[in-house]
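To start, the structure itself, in structure tokens.
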Amino acid sequence: MADETNTQCSKRTEDWNRLAWKDIQKNVFRLQRRIYQATSQNDTKRVHDIQRLLLRSWSARCLAVRRMTQDNRGKRTPGVDGVASLTPRQRMRMVEDLRNLTNHIPAPLRRVYIPKPGKKERRGLSIPTMLDRALQALVKLALEPEWEARFEPNSYGFRPGRSPHDAIESVFNFIRLKPKYVLDADLTKCFDRISHDVILDKLHTIRPIERLVRSWLKAGIGDHGETIFPEAGTAQGGPLSPLLANVALHGLETVVRQAAPAKSPPGVIRYADDFVVLHHDLDTLHHLKTVAAEWLAEIGLQLHPEKTFITHTLEPYDGRIGFDFGWNIRLGLSRATVSSGQASHSHLPGQTRLQDHHQTQSQGAATPKGQAAGHHPTSSRGTASWPRLCPQSCDPGLG
């Protein structure tokens, strides 16, 4: 039996570059669509059964390895083992290694510091090994369709089929007809302080995935010769951490909207760990800020006291007009002005004017701060629902 497995692996090794990648991606997509549909029908048992099937799928394992070793922009970033690239034979061996979910023990993470755009401070990334990144990509293939069926409608960061321009459109549609007060919220070290217990409780997933996610959250981080074992947070640098952060922040929009009067619901637009709350009544907005702060405290997060403030889209309030959501947004007559923010759009012209299609009072919108890089500049409206996503739309390079 072992000889048959080695022979099959050897044959596949020679054909790695000639694998039918479009068929492989379609196979994975069909399983993901079934997970999405079962979640929409609240059939938890069926969701978990298909997730187990996807984790064992040869197509899913091949796709996970390809994404991390060939397609990903950080594919040549080594972990603590120093491995930065793989041969076709090594990729096929990794596909076989991904079958071992039960006994896998994650390697420590390698800490790397990168500069924040437009700032002197640096952001710490924790880089898993190539094998752990591939395994995280496999787990993400199983979890993502389930949570795409659950996520709130105005969450836009790090989601398939959604772009920063969808967040722009959402802000624009809510504020274009009437001036609003705005709570521009910033979270203090979001990825470093999210409670591990909150993430695991919200996932409520099958045991193999829960065990792996727990071990990744608790994995040691090598930093300047010392090994740090985090008690909270999800390490930035792996493919799974953005999804886990979105899972932890899921529910914020619902809680804030339920705390407002039913006849005048607020607008709550979130992009990753940045969000804005918009409402025409100042007292109501102060109350919603308190509600949001209390909810965030339950998951180990807090609003940044210096970067969180309330402003207005038309009139000066507290020394400000408009707000920054990557770009500066403010209300003007007959046109909307969008000024490029210093954080992530220093390469853009100083000011761009957008003509409103009604030629009436309107407002502009902005890409969320720090998240513009790596996203397609066109809106992806109409493709956010998982069943409508064609397999090729996720990875156009697969051919």
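The values are calculated or read from the model by the stated rules, or taken from the named source; none is laboratory data. Note that the structure is a prediction, hence the values are computed from the model and not measured. Cβ placement follows ideal geometry from the backbone for every residue including glycine, while neighbour counts extend to all protein chains displayed. Surface areas here come from the heavy atoms of the whole protein model, side chains and all, with no ligands, DNA or RNA. Shrake-Rupley method; radii C 1.70, N 1.55, O 1.52, S 1.80 Å.
Observations, loosely collected:
- Looking only at the stretch 282-291, residues that are touching a strand residue (DSSP E or B) at 6+ places or on another chain (Cβ under 7 Å) and surrounded by 14 or more Cβ atoms within 10 Å (Cβ to Cβ) come to 3 in all.
- From Val182, Val171, residue being open to solvent by less than 20 Å² (accessible area, probe 1.4 Å) and at pLDDT below 90: Val171
- Looking only at the stretch 102-141, and only at residues there that are of a type in the set (A, V, I, L, M, F, W, C) and without any contact (Cβ under 8 Å) to a residue 60 or more places away in the chain, the one that is farthest from Asp192 (Cα to Cα): Leu131
- Residue within the stretch 107-119 that is open to solvent by less than 30 Å² (accessible area, probe 1.4 Å) and out of contact with any Ser or Thr (no Cβ under 9 Å at 6 or more places or on another chain) present: no
- Identity of the residue in the stretch 292-324, in contact (Cβ under 8 Å) with a residue 60 or more places away in the chain, open to solvent by 40 Å² or more (accessible area, probe 1.4 Å) and not in a loop (DSSP other than H, G, I, E, B), that ends up nearest to Ile269 (Cα to Cα): Asp324
- Considering the stretch 66-98, and only residues there that are of a type in the set (Gly, Ala, Ser) and out of contact with any Leu (no Cβ under 8 Å at 6 or more places or on another chain), the residue that is most open to solvent (accessible area, probe 1.4 Å) turns out to be Ser85.
- Where a residue in the stretch 227-241 is at positive phi and in contact (Cβ under 8 Å) with a residue 12 or more places away in the chain and its partner, wherever it lies, is open to solvent by 30 Å² or more (accessible area, probe 1.4 Å) and not β-branched (Val, Ile, Thr), with Cβ under 8 Å and at least six apart: Gly233/Lys189; Gly233/Asp192; Gly233/Arg193; Gly237/Leu125
- Residue count for the stretch 192-222 satisfying the condition of being among the β-branched types (Val, Ile, Thr) and either more than 22 Å from Asp273 (Cβ to Cβ) or open to solvent by 30 Å² or more (accessible area, probe 1.4 Å) (or both): 3.
- When residues in the stretch 22-34 are screened for being farther than 21 Å from Val65 by Cα and open to solvent by less than 80 Å² (accessible area, probe 1.4 Å), 0 of them pass.
- Complete set of residues in the stretch 186-236 that are farther than 29 Å from Arg52 by Cβ, among the hydroxyl-bearing types (Ser, Thr, Tyr) and at pLDDT 90 or above: Thr188
- Scanning the stretch 174-200 for residues that are over 15 Å from Thr313 (Cα atoms) and assigned to a helix (DSSP H, G or I) returns Cys190, Phe191, Asp192, Arg193, His196, Asp197, Val198, Ile199, Leu200.
- Leu101 within 28 Å of Lys26 (Cβ to Cβ) and either part of a helix (DSSP H, G or I) or of a type in the set (Lys, Arg) (or both): no
- Scan the stretch 223-254 for residues that are open to solvent by less than 30 Å² (accessible area, probe 1.4 Å) and part of a strand (DSSP E or B) and the total you get is 2.
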